[in-house]
Amino acid sequence: MEENDPKNFRVVEEPEDELFEKIKELKTCLADAIEEKDPVAEADALSFLGLAFYKLGNYQTAIEYHQKHLSLSKELKDEKGERRAHGNLGCLHKITGDLETAKDHFLAALNIAKERGDKRPVAKIYNNLGNIYELQMNYDEALSCNKERLTVAKELNDQNGIGKALANLGNLSHVVGNLKDAIAFYEEMLQILRAKLSEFAFQLKNLHLVISSHVSLAILFSFTHTNIKLTFSVIKHGRLSCSTSMTLNLLIHAAKIF
């Protein structure tokens, strides 16, 4: 059985009948593993079953399987499995609205990942923790987590991770009213996106991000009383078409208000 990656598992759409068939097969694998006293295979089956029930929207059953996976991983002293189980439980408790329990699991996963020196999981966990703190409106901690994520992403030269961390930092800085920092984060994000656009020949999804970033910068420039010509220049550089006049009217109105 291949090592599972919860993030990859979640993005694959599967019909319910296929999921039920997969669950049936996994339960057989679990029974075989228990009968053969193969705890490693048992742990894998438990984790996969948790992910399958997650995809069905049966979160409580998913939690039960991931909790069993966590307990078995601890018995086996499988730190990687333990970290993965904590991460899955954190995601599930976040979905069900139990943010404190979700945070506890993510913090446990973070400690394990740090001890093992696993930088990629560390970056992902900081992102999840940042989301939890943002939902709790603890913006200082959310900013701190996203700054940590940015640092690790830069160490890994993970351009996607850097861009996402910068976007989060820009949004959070905007929320707390630190518009100067928000602009700086958005501008740094734009540099990365422009480089990616050049590399991928202006793929549509990245182009949309660049345009959105130009709009965000334009609005922020208008809020900080920056010369309105600079605002218009930012929009023009973003090459907005049908929405340009609407955006300009919005910014003119915003400039008058502020």
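Derivation of every value follows stated rules applied to the coordinates shown; laboratory data play no part. Computed from a prediction, not measured in an experiment: that's the story for all the values here. Don't worry about glycine lacking a Cβ; one is built from the backbone with ideal geometry, like all the others, and counts go over all protein chains shown.
For each pair in Lys74/Lys94; Lys37/Lys119; Lys77/Lys103; Lys77/Lys119, compute the distance between the two Cα atoms and list the pairs where it is over 30 Å.
Working: Lys74/Lys94 23 Å; Lys37/Lys119 33 Å; Lys77/Lys103 22 Å; Lys77/Lys119 20 Å.
Pairs exceeding the cut-off: Lys37/Lys119.
Once a ≥ b ≥ c are taken as the square roots of the eigenvalues of the Cα gyration tensor of region 34-110, is the result rounded (a/c under 1.5), prolate (a/b larger than b/c) or oblate (a/b not larger than b/c)? Show your work: numbers first, answer last.
Numbers: a/c = 2.82, a/b = 1.36, b/c = 2.07.
Oblate shape, in that a/c is at least 1.5 and b/c is the bigger or equal ratio.
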Semi-axis lengths (Å, descending) of the ellipsoid that matches the C-alpha gyration tensor of region 93-194: 23, 18, 9
Approximate spin-label separation Lys27-Lys147, in nm, with each point projected 7 Å along Cα-to-Cβ: 5.0 nm
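If the viscosity is 1.567 mPa s and the temperature 4 °C, what Stokes-Einstein diffusion coefficient in µm²/s follows for region 1-146 when Rh is the Kirkwood radius over Cα pairs? Let's see the in-between values first.
On the way: Rh = 15.7 Å.
Here the translational diffusion coefficient equals 83 µm²/s.
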Straight-line reach from Lys154: which aspartates and glutamates have a Cα under 17 Å away, not including same-chain ones fewer than 8 places off? Asp118, Glu187, Glu188
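Could you pull out the trypsin sites (Lys or Arg not before Pro) across region 67-159 that fall in loop regions by DSSP (anything but H, G, I, E, B) with no more than 12 other Cβ atoms inside 10 Å? Don't skip to the end; give the middle numbers.
Numbers: sites: Lys68, Lys74, Lys77, Lys80, Arg83, Arg84, Lys94, Lys103, Lys114, Arg116, Lys119, Lys124, Lys147, Arg149, Lys154; in loops: Lys77.
Listed in order of number, the matching sites are Lys77.
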